[in-house]
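See below for the structure under consideration.
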Amino acid sequence: KAGVTQTPRYLIKTRGQQVTLSCSPISGHRSVSWYQQTPGQGLQFLFEYFSETQRNKGNFPGRFSGRQFSNSRSEMNVSTLELGDSALYLCASSPRDRGTYEQYFGPGTRLTVT
Amino acid sequence: AQSVTQLDSQVPVFEEAPVELRCNYSSSVSVYLFWYVQYPNQGLQLLLKYLSGSTLVKGINGFEAEFNKSQTSFHLRKPSVHISDTAEYFCAVTMDTGRRALTFGSGTRLQVQP
């Protein structure tokens, strides 16, 4: 099976702009979660989507949003970018079946805000 | 809420020596535990998981971990490391509540020297 894919891999944006990141989960996985990784804050959970509905949300401002499509692909959007949004954004997928709790990560999108 | 503590930010070790990376967690409910590895410029790869059953779990690349409920620990071990094991290792936990968000430790940088 192909792994989790994320596009683009690298992105440079200017403060105030918005950005959309894309994630395609492993085939058959219906849950997609997003995480932010920074040197200062480490790995932090952003949100999880399952069956096109947001199931959980981390402690991030409303500028961070996402959605999931019927084919389980997910997008994450950050509006009004700030310098502090520079990070590696990781997408993870899971079958979310009963008894499965592990998540499988993609290579990430490196976002740089200047 | 749960939390994860990785006591060692860096662990230098010589090639073919054994290594232990420490992880402690706190949670008021049952948890599921994971170790992930991150190589430079890559996403996270699942090394092993503890969901239930035997407290000694074996993972990929010769790694194993032991779940100790009384000490709330989940230390990662390898009897003989290789240069290729140089990477960042993350301990993670999720609760048995249906909320699938992973809470990560701050990571341990394993540096294998020749």
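What follows draws every value from the coordinates through simple rules; no lab data is involved. Source: prediction; values computed, not measured. With ideal geometry, Cβ positions are generated from the backbone for all residues, glycine too; neighbour counts draw on all protein chains shown.
Total Lys pairs in the protein assembly as shown closer than 20 Å by alpha-carbon, pairs eight or more apart in sequence or interchain only?
Close lysine pairs found across the protein assembly as shown: 5.
Below 8 Å, C-alpha to C-alpha, sequence gap of six or more: please give me the relative contact order for chain B in percent.
Relative contact order comes out at 38 percent.
Given a 10 angstrom Cα cut-off, can you work out which residue in B:Leu76, B:Leu33, B:Leu46 is the most mobile in a GNM of chain B?
Comparing B:Leu76, B:Leu33, B:Leu46 in a Gaussian network model of chain B, the most mobile one is B:Leu46.
Specify which residue in the list A:Gly40, A:Ser27, B:Ser9 is farthest towards the positive end of the charge dipole of the protein assembly as shown, using unit charges on the beta carbon of Lys, Arg (+1) and Asp, Glu (-1), about the Cα centre.
In the protein assembly as shown, that residue is A:Ser27.
Can you give me the P(r) profile for the protein assembly as shown? Cα pairs, bins 10 angstrom wide beginning at 0, each as a whole percent.
For the protein assembly as shown, the pair-distance distribution reads 8, 33, 35, 20, 4, 0.
Averaging sequence separations of C-alpha pairs under 8 Å and six or more residues apart, then dividing by the length of region A:14-73, give the relative contact order as a whole percent.
On the way: 78 pairs, mean separation 17.6, N = 60.
So the answer I get is 29 percent.
Can you run phi through the Karplus equation (6.51, -1.76, 1.60; θ = phi - 60°) for region B:87-94 and list ³J(HN,Hα) in whole Hz, with x for Gly and Pro?
Each residue of region B:87-94 in turn: 4, 9, 10, 10, 8, 9, 9, 9 Hz.
So for chain A, averaging the separation of alpha carbon pairs under 8 Å that are six or more residues apart and normalising by length, what relative contact order in percent results?
Over chain A, the number comes to 36 percent.
With a sphere of radius 9 Å drawn around the Cβ of A:Arg63, what net charge do the other residues whose Cβ falls strictly inside it have (Lys, Arg +1; Asp, Glu -1)?
Residues close to A:Arg63 contribute a combined charge of -2.
Would you mind getting the Kirkwood hydrodynamic radius of chain B from its Cα pairs, rounded to one decimal in Å?
Roughly 14.2 Å, rounded to one decimal.
Can you bin every Cα-Cα distance in region A:3-114 into 10 Å intervals starting at zero and give me the percent of pairs per bin, rounded to whole numbers?
16, 50, 29, 5, 0
On a C-alpha basis, how far is the centre of region A:21-42 from the centre of region B:63-91 in Å? Whole number, if you could?
Centre-to-centre (Cα) distance: 23 Å.
Within the set of other residues whose C-beta is less than 12 Å from the C-beta of B:Ile83, count the net charge using Lys and Arg as +1 and Asp and Glu as -1.
For residues surrounding B:Ile83, the net value is -3.
Would you work out if region B:54-114 is rounded, prolate or oblate? Take a ≥ b ≥ c from the square roots of the eigenvalues of the alpha-carbon gyration tensor; rounded if a/c is under 1.5, else prolate when a/b is larger than b/c, oblate otherwise. Show your work: numbers first, answer last.
Values: a/c = 2.40, a/b = 1.63, b/c = 1.47.
The shape class here is prolate.
Summing +1 for each Lys or Arg and -1 for each Asp or Glu, what net charge is found among the other residues whose Cβ lies under 15 Å from the Cβ of A:Ser79?
Result for the neighbourhood of A:Ser79: +1.
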